[in-house]
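Novice: Sharing a structure here in structure tokens format.
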Amino acid sequence: MKIPVFFVLILFLLILLILLIYMQIYKSKINKALNTTQNHPKMPSPHKVATALTIVVLTIGIIASYLVGYKTSYDRFENNTEQLSPADIQTFYANIQSISENTLTVNGIPINDQAYRGVLKYDISQGTAIFCNYKTMTLADLKSGDLVAITLITAGGDVVDIYKIQLISQ
């Protein structure tokens, strides 16, 4: 979401026009006050009005910049998460060695790629899906020795998140 340049120019010209009109009204009011002895209501000086308008414009600019920046970064984030390639999703099979509160230690089986063989340790978040035969499970339902399929989301070879853990056999 970009703010068109002409929009900023129109806003600037509008503020400049308001200042010019105010200065003309202020001059005529001062001239009337100098030419007559009557008490006229005081008007704020043009410097005060210019200062107030500057503060208003800067505040609007800061808020608009924040909102545009937030929207732009959120759109970029959404576009990046939707562009997963097949290479960003890896699945491997492993036997569970141990389970603690939020940690799963597994031993990758020999049919896996070289990177997913041997002992691997993962932190499990609350959002990780764990299931068997289309039924959801918890980490506490798994036990040592179970064969599981672990699906990872990776980025450049680094594990970003565990997408799901599927119990193969008990």
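Any read-out appearing in this document is the output of simple, stated calculations on the displayed coordinates, not a laboratory observation. Remember, it's a predicted structure, so these values are computed and weren't measured experimentally. We place every Cβ from the backbone using ideal geometry, glycine too, and count neighbours over all the protein chains shown.
Novice: I'm checking a number: the convex hull volume of the Cα atoms of the chain, normalised per residue, in Å³. What is it?
Specialist: Enclosed volume per residue, from the Cα hull, is 197 Å³.
Novice: Between LYS27 and ALA64, take the C-beta separation as r, use R0 = 41 Å, and let me know the FRET efficiency to the nearest 0.05.
Specialist: 0.80
Novice: Sticking with this structure for a sec: So how much slack lies between SER98 and LYS143, counting 0.36 nm per residue of separation and subtracting their Cα-Cα distance, in nm?
Specialist: 15.5 nm
Novice: So who's got an amide H within less than 5 Å of the one on ILE130, skipping anything under 5 residues away but keeping other chains? H placed 1.01 Å off N, in plane.
Specialist: It is MET137, ILE165, by chain and number.
Novice: Cβ neighbours within 10 Å, averaged per peptide: list 146-153, 63-70 in order, most packed at the top.
Specialist: Highest-to-lowest ranking by the protection proxy: 146-153, 63-70.
Novice: How large is ³J(HN,Hα), in whole Hz, for each residue of the range 104-119 in order, when computed from phi with the Karplus curve 6.51 cos²θ - 1.76 cosθ + 1.60 and θ = phi - 60°, using x for Gly and Pro?
Specialist: 10, 10, 10, 10, x, 7, x, 6, 6, 4, 4, 5, 10, 9, x, 7
Novice: While we're here: Considering amide H positions built from the backbone, and no H for Pro or chain starts, which residues 5 or more places from ASP146, or on another chain, come under 5 Å of its amide H?
Specialist: It is ILE96, by chain and number.
Novice: I'd like the FRET efficiency for TYR163 and ASN79, computed as 1/(1 + (r/R0)^6) with the beta carbon distance as r and R0 of 35 Å, rounded to 0.05.
Specialist: The calculated FRET efficiency here is 0.95.
Novice: Continuing with this model, one more query. For helix 5-35, report the angle its Cα long axis makes with the longest principal axis of the Cα atoms of the chain; keep it between 0 and 90° and round to the nearest 10°.
Specialist: 30
Novice: Can I ask one more? Just grab the label-to-label distance for LEU20 and ASN39, each label 7 Å out from Cα along the Cβ direction, in nm (one decimal).
Specialist: 3.6
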